[in-house]
Amino acid sequence: MTYKFKFFILSFGLLSLLTSIFSQNTNKFDFERIEDNSFLMEEAYNQDPGVIQHISSFQYMRDQTWMYTFTDEWPVPGRTHQLSATIPVLNNGTTGFGDVELNYRYQAVLRNRFAFSPRFSLIFPTGNYKNGLGSGVIGYQLSLPFSYLLSTKIATHYNLGVTFTPNAKNADGSDFNQVIYNYGISLIWLLKKNFNFMLEIVGNETIKKSDSSESIISNSLFINPGFRYAINFKSGLQIVPGLAVPIGLGSSSGSSGVFAYLSFEHPLWKP
């Protein structure tokens, strides 16, 4: 299945959802639930005014590679605008920091059932490209996350995005241009207000092109079943641990691992 076909299918699904958004906006969808705590997917909810979030995730794969990321999300100062930063630590045989992301996300739409918050990111070359831990140059990323409540028990999320890294560096210092298209869809079963089962499907297509060679195209596709649980405190602190099992499909078949998630969300000031 080509990326263009996958893009068409996902886009068609989104358009189908949009046809019912503005005619089905009732109070029954305004209820307490876990939001903005997906694993490999991005939910389209910015932070509430005065509330910040600290997110740690750790993924270990059967080929013994692993990645830890720490993300901080801040409203600036309300929910419309949000800044965040992501710091990765990687191991691919060599352990070190990866390329740091600085993100801006705009809450374009937030209704009872539907949310949309486009994000733009700058990716800084903090990883050592000679060890395969970074690109050696600044990269640019655009992400389009959509979130939609199918019912009071089922939440869905949809991601489309592209990352462009011009003149990225190989370990030997040679240059190439890289474009990564990513896509994803998830279903979350809101079993209880503080406990959810999750099913994420994420993939990407990577295109590398240098002046001296033809384009190299590679694909990945993973299904990621898991669960998350929210612990709420009277102070406003919310702790959300989660666990999932990424399993490779298609060209990623045979690849699998474990994914652990931990979020701390708390008020920093009164809005």
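The values are calculated or read from the model by the stated rules, or taken from the named source; none is laboratory data. Note that the structure is predicted; figures quoted are calculated from it, not measured. Note that we place each Cβ from the backbone using ideal geometry, even for glycine, and neighbour counts take in every protein chain shown. What goes into the accessible areas is simple: the full protein's heavy atoms, side chains included, and nothing from ligands, DNA or RNA. Shrake-Rupley method; radii C 1.70, N 1.55, O 1.52, S 1.80 Å.
Listed values, structure above:
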| quantity | calculated |
| --- | --- |
| Whole-number Å³ per residue for the convex hull built on Cα positions in region 80-207 | 124 Å³ |
| Label-point separation, S218 to V100 (7 Å along Cα→Cβ), nm | 2.7 nm |
| Pairwise FRET efficiency - D172 versus F197, Cβ, R0 = 51 Å, nearest 0.05 | 0.65 |
| Carbon plus sulfur fraction of accessible area for the chain, probe 1.4 Å, in percent | 63 percent |
| Residues of the chain: accessible area per residue with a 1.4 Å probe, Å² | 51 Å² |
| Potential lengthening between T126 and L243 on full extension [0.36 nm per residue; Cα-Cα distance subtracted] | 39.3 nm |
| Burial ranking of peptide ranges 170-183, 42-55, 145-158 (average Cβ count within 10 Å, highest at the top) | 42-55, 145-158, 170-183 |
| Label-point separation in nm, T80 to F31, each point 7 Å along Cα→Cβ | 3.1 nm |
| Helix 3-21 vs. the chain, principal-axis angle (Cα, 0 to 90°, nearest 10) | 10 degrees |
| Structure-derived Rg and Dmax of the Cα atoms in Å - corresponding label in (i) 18.9, 61; (ii) 17.3, 53; (iii) 18.2, 51 | (i) |
